[in-house]
Amino acid sequence: MSTSTQQEQASRAAGPEGPAAPDPQAPPPLTDDLAALLDDGRLYLEAEMAFQKSRVSYAAGQGKSGLAMGVAALALIHLALIALAVGLVIALSPYLSPIGATVAVAFALLVLAFLLGLGARKRFGGIARAFAKDQQT
């Protein structure tokens, strides 16, 4: 077949309007699918980043207010313990004199603090020994 015959057949197939229209039943090209996939991935990543930023913002806000409440609670506990110590001094004053009551309450608090410190040292020593064993193996 000659080149002119092929051109005539192509022009007849195209019709008077120009080249033939694409078949509406034909699947879209692979490049269109890949472009849509990339766009969907980009949109998903942007949405996920926005979601994670909002989660971090929420957690930071809740953490700050929780920390403030915890510090306030500890301050109130501290004040209550001071009031208890002052009350003990006042209650023991008639029996031990004001100076004797002050010394007795202070000594009792120091003994309690010493015992709690020994317990803390024991616990922290256990943690240190556990990590030392991990480093040796």
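The values are calculated or read from the model by the stated rules, or taken from the named source; none is laboratory data. Since the model is a prediction, treat every value here as computed from it, not as a measurement. Cβ sites come from the backbone with ideal geometry, for glycine too, and all protein chains shown count toward neighbours. The accessibility values were calculated without ligands, DNA or RNA, using every heavy atom of the protein model including side chains. Shrake-Rupley method; radii C 1.70, N 1.55, O 1.52, S 1.80 Å.
From the list GLY61, GLY70, GLY66, exactly one residue is surrounded by 10 or more Cβ atoms within 10 Å (Cβ to Cβ) and either modelled with pLDDT under 90 or touching a strand residue (DSSP E or B) at 6+ places or on another chain (Cβ under 9 Å) (or both). Which is it? I'd like the intermediate steps shown before the answer.
Numbers: GLY70 fails: either modelled with pLDDT under 90 or touching a strand residue (DSSP E or B) at 6+ places or on another chain (Cβ under 9 Å) (or both); GLY66 fails: either modelled with pLDDT under 90 or touching a strand residue (DSSP E or B) at 6+ places or on another chain (Cβ under 9 Å) (or both).
Step by step, each of GLY61, GLY70, GLY66 is checked, and only GLY61 is surrounded by 10 or more Cβ atoms within 10 Å (Cβ to Cβ) and either modelled with pLDDT under 90 or touching a strand residue (DSSP E or B) at 6+ places or on another chain (Cβ under 9 Å) (or both).
Select from the range 76-107 the residues that are under 44 Å from the mean Cα position of the chain (by Cα) and open to solvent by 50 Å² or more (accessible area, probe 1.4 Å) and list them in ascending order.
Hits for the range 76-107 are LEU76, ILE77, HIS78, LEU79, ALA80, LEU81, ILE82, ALA83, LEU84, VAL86.
Take the residues of the range 15-36 that are of a type in the set (Asp, Glu) and open to solvent by 90 Å² or more (accessible area, probe 1.4 Å): which is modelled with the lowest pLDDT? Steps first, please.
Filtering the range 15-36 down to residues of a type in the set (Asp, Glu) leaves 17, 23, 32-33.
Right, trim to open to solvent by 90 Å² or more (accessible area, probe 1.4 Å) and you get 17, 23.
Values: GLU17: 57, ASP23: 67.
Top of the filtered list is GLU17.
I'm trying to understand the selection: among the residues of the range 107-124, which are more than 20 Å from HIS78 (Cβ to Cβ) and among the aliphatic types (A, V, I, L, M)?
LEU118
In the set ALA68, ALA104, which member is in contact (Cβ under 8 Å) with a residue 12 or more places away in the chain and in a helix (DSSP H, G or I)? Full working, then the answer.
Working: ALA68 fails: in contact (Cβ under 8 Å) with a residue 12 or more places away in the chain.
Criteria check complete, one pass: ALA104.
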